[in-house]
Amino acid sequence: MKKYIKFIVSLLMFGTLGSIAQTISQFEQFNGRFDYTAIGNTLNEGENNVNSFCDILDSSTAELLLLNSQVITKAYLYWAGSGAADTEVYLNGNNITAELDYSVIYPSSLYGDLPYFSCFSDVTTLVQSIGNDSYVFSGIDISDALANNPGYCANRTNFAGWSLYVVYEDQSLPLNQLSVFQGLEIINTAQTSITIDLENINVWDNIGAKIGFLTWEGDANLSINETLTINNNILSNPPLNPSTNAFNGTNSFTTSSTFYNGDLDVYNIQNFINIGDESAQIALTTGADLIIINNIVTVLNSQLPDASINISTYEVDCETSEIRLDYIVSNNNSTDVLPIGTPIAIYLDGNLVGQSTTALDIPIGGQESQTITLNFSPIPSDSIFIEVVVDDSGSGVGIVNEIVETNNSTAITIEAMALESEIMLTPLNTCDQLEQVVFNLNSQFDLLDPEISDWQTYFYENESDALMQINPIEFPHVYTPLSTPASIYLRASNGICYQIYNFELLNNFCPIEISEGLSPNGDGFNDILQIDAPHIIKIFNRFGKLIFQGDNNTPWNGTANRGTHKSNVLLPIGTYFYIIDLQDSSGQILRGWIYLNY
């Protein structure tokens with residue numbers, strides 16, 4: 001009996017490139033001994049709120065300085081400015097194309113809608129190859145926007161700038177959860193506040209917790225009703241970032257106050273979050289300044305495993321009605337070991353049918369392969385839905401605290417499958433001289449393989465119906481085809497396994513046996529020449545003269561209805577000859593003799 005093996009490939013992408021929502025939301029998360037730094041610079045000559053200029057610099061430079069123990073894991077380049085997105089720029093002379101671009105609108109009461117943009121590109125490979133060095137950003141062009149809409153410069157909201165975020169791994173660090181949130185949102189005099197919910201974080205220990213922001217167009221000299229809060233706690237980092245002027249053109253990593261109209265700031269938040277928190281709320285307010293928020297990064301001590309599971313292959317054995325599942329339990333994106341004995345539950349069509357546990361401690365980034373065999377014979381349907389859940393004791397409840405509790409299951413639907421291609425059976429024959437004949441289709445069961453002889457079976461008049469399981473023949477034991485020969489399809493099913501058989505219905509019109517004697521003496525035996533088939537019969541005497549012609553309704557009874565013989569008078573004893581036309585598609589003509597006696 002054939003077995004079927006299915007391979008399943010899973011692809012996990014953290015940051016799907018392309019057009020995404022403007023709302024600040026989680027883009028990527030790192031779990032392990034990770035932290036980050038950020039460099040960047042403005043392309044403004046000075047703060048645009050106090051300086052009168054309406055162009056930007058051709059380039060600007062920032063220095064990346066990592067320790068030898070800090071290994072680059074990811075590098076993200078952000079750039080932003082006034083107007084529509086410029087998606088082609090340069091970093092150290094290398095052409096960079098935006099993989100994402102965002103935009104927001106400032107509705108100016110005097111100059112109409114003023115758009116602003118931010119672009120993003122993953123530059124990990126480039127930065128890993130360069131390492132510590134001076135990074136020169138160039139090629140951004142917002143001249144058309146500034147020239148075509150005087151509102152930017154008149155409002156003094158003309159700006160351009162860039163930032164390079166570098167996530168690094170350092171074995172001296174504690175186990176952290178680093179989350180990158182990004183998008184593009186705006187506050188201004190028309191919309192003076194905004195709240196941003198940061199989801200899918202896990203606070204295991206709040207010691208050393210920090211949060212960083214990349215914002216644009218903040219001005220040091222505008223601080224009316226300007227606040228930045230987390231969980232209703234005002235953030236500040238004086239003297240660089242006072243509580244009343246968070247967006248003031250500063251860079252916390254370098255303590256620079258000349259990142260004109262951009263902010264690259266980090267705050268300690270260990271007193272503003274609690275162990276067990278899974279989300280945080282950020283709020284920004286302004287009374288005069290235009291603030292555009294681009295990204296948020298959180299770094300939280302979080303020593304937890306993160307169990308996930310994937311079905312790698314499955315094998316269906318139709319002979320034994322078994323499914324063998326091969327699955328992999330992983331502890332990726334984690335900051336602690338997944339302990340031995342973590343429960344695994346297997347559900348078949350929503351019913352618990354199997355359980356297991358992890359056999360070993362699974363280290364950070366590690367995995368474990370397992371196999372389980374399920375019996376599906378009680379399942380009558382032709383598809384089976386199987387779900388495998390890690391950290392599930394069989395009741396939907398887990399026993400392990402994890403970084404993410406929503407990635408613990410994997411599922412497949414196994415559809416009906418044929419054992420092999422269509423099998424031809426020996427034709428079903430009958431010997432009947434009638435055009436409309438009756439067949440007992442059930443007699444073909446004796447030809448089926450013994451191991452599937454007790455499967456559920458139905459007969460169909462065409463292959464399409466058999467595959468779709470529609471219009472089965474209702475009374476297969478007394479089936480009359482419209483004509484012969486005819487094809488019949490038999491489907492034998494055992495849950496998700498089935499086999500299609502095909503056979504022909506044949507009517508061979510078996511040769512008719514004609515009696516060699518006729519004795520029409522009224523005793524009820526052999527009084528007429530009985531022929532059980534449509535026919536025309538002609539009787540001739542020994543001289544070759546036609547003396548009788550009949551059919552099914554006029555059988556020969558020893559009298560004549562042709563020639564000079566009297567009707568209804570028995571003919572003399574002797575030998576007579578016949579010609580019988582069976583009137584069938586084969587054109588059979590029977591010739592012979594018969595002896596008439598009384």
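Things worth noting here:
- Residues that are at pLDDT 90 or above and within 60 Å of the chain's Cα centre (by Cα) were ranked within region 504-535; the one that is most open to solvent (accessible area, probe 1.4 Å) is E504.
- Taking the criterion of being hydroxyl-bearing (S, T, Y) and more than 15 Å from L43 (Cα to Cα), the only residue of region 134-151 that qualifies is S134.
Yes or no, residue by residue, for (1) out of contact with any Lys or Arg (no Cβ under 7 Å at 6 or more places or on another chain); (2) open to solvent by 20 Å² or more (accessible area, probe 1.4 Å); (3) acidic (D, E):
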residue	(1), (2), (3)
S25	yes, yes, no
N31	yes, no, no
A38	yes, no, no
L43	yes, no, no
N51	yes, yes, no
I56	yes, yes, no
E63	yes, yes, yes
L67	yes, yes, no
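- Selection status of T320, of a type in the set (S, T, N, Q), in a loop (DSSP other than H, G, I, E, B) and within 30 Å of T373 (Cα to Cα): yes
- Among the numbered conditions (1) part of a strand (DSSP E or B); (2) at pLDDT below 95; (3) aliphatic (A, V, I, L, M), the only one that L222 does not meet is (1).
- Index of the failed condition, K538 passing every other in (1) closer than 21 Å to N597 by Cβ; (2) in a loop (DSSP other than H, G, I, E, B): (2)
- Residues located in region 295-313, provided they are touching a Phe, Trp or Tyr at 6+ places or on another chain (Cβ under 8 Å) and in a strand (DSSP E or B): N295, I296, V297, T298, V299, L300, N301, I309, N310, I311, S312, T313
- Every pair of residues 6+ apart whose Cβ atoms lie under 8 Å, when the first sits in region 255-269 and is over 23 Å from G208 (Cα atoms) while the second is of a type in the set (D, E, K, R) and outside any strand (DSSP E or B): Y260/E45; Y260/E47; N261/E47; N261/E217; N261/D219; G262/E217
- Filtered residue count, region 25-40, keeping only those that are of a type in the set (D, E) and either without any contact (Cβ under 8 Å) to a residue 24 or more places away in the chain or not in a strand (DSSP E or B) (or both): 0
- Subset tally (residues that are under 30 Å from the mean Cα position of the chain (by Cα), modelled with pLDDT under 90 and β-branched (V, I, T)) for region 459-498: 1
- Taken together, the residues in region 376-386 that are surrounded by fewer than 17 Cβ atoms within 10 Å (Cβ to Cβ) and in a strand (DSSP E or B) amount to 2.
- Residue in region 365-375 that is within 18 Å of Y314 (Cβ to Cβ), open to solvent by 70 Å² or more (accessible area, probe 1.4 Å) and either among the β-branched types (V, I, T) or in a loop (DSSP other than H, G, I, E, B) (or both) present: yes
- Identity of the residue in region 392-407, under 17 Å from T335 (Cα atoms) and not aliphatic (A, V, I, L, M), that ends up least open to solvent (accessible area, probe 1.4 Å): E402
- Looking only at region 246-272, and only at residues there that are β-branched (V, I, T) and assigned to a loop (DSSP other than H, G, I, E, B), the one that is farthest from L57 (Cα to Cα): I269
- Output for region 482-536, where each listed residue is among the hydroxyl-bearing types (S, T, Y) and within 30 Å of L546 (Cβ to Cβ): S515, S519
- Filtering region 273-294 to residues that are surrounded by 15 or more Cβ atoms within 10 Å (Cβ to Cβ) and not in a loop (DSSP other than H, G, I, E, B) leaves A280, I282, A283, L284, T285, I291, I292, I293, N294.
- Identity of the residue in region 541-581, aromatic (F, W, Y) and assigned to a loop (DSSP other than H, G, I, E, B), that ends up nearest to S519 (Cα to Cα): W556
- Elements of the type strands (runs of 3 or more DSSP E) sitting completely within region 387-503 and holding at least 1 residues that are within 30 Å of G276 (Cα to Cα): these cover 409-415.
- Evaluated against (1) under 23 Å from C497 (Cβ atoms); (2) among the polar types (S, T, N, Q); (3) not in a strand (DSSP E or B), N333 falls short on exactly one condition, (1).
- Verdict on Y501 being open to solvent by 20 Å² or more (accessible area, probe 1.4 Å), of a type in the set (F, W, Y) and at pLDDT 85 or above: no
The values are calculated or read from the model by the stated rules, or taken from the named source; none is laboratory data. This one's a predicted model, so the numbers in the text were calculated from it and none came from an experiment. Because the Cβ atoms are built from the backbone with ideal geometry, glycine has one as well, and the counts that use them run over all protein chains shown. Ligands, DNA and RNA are excluded from the accessible area calculation, which covers all protein heavy atoms including side chains. Shrake-Rupley method; radii C 1.70, N 1.55, O 1.52, S 1.80 Å.
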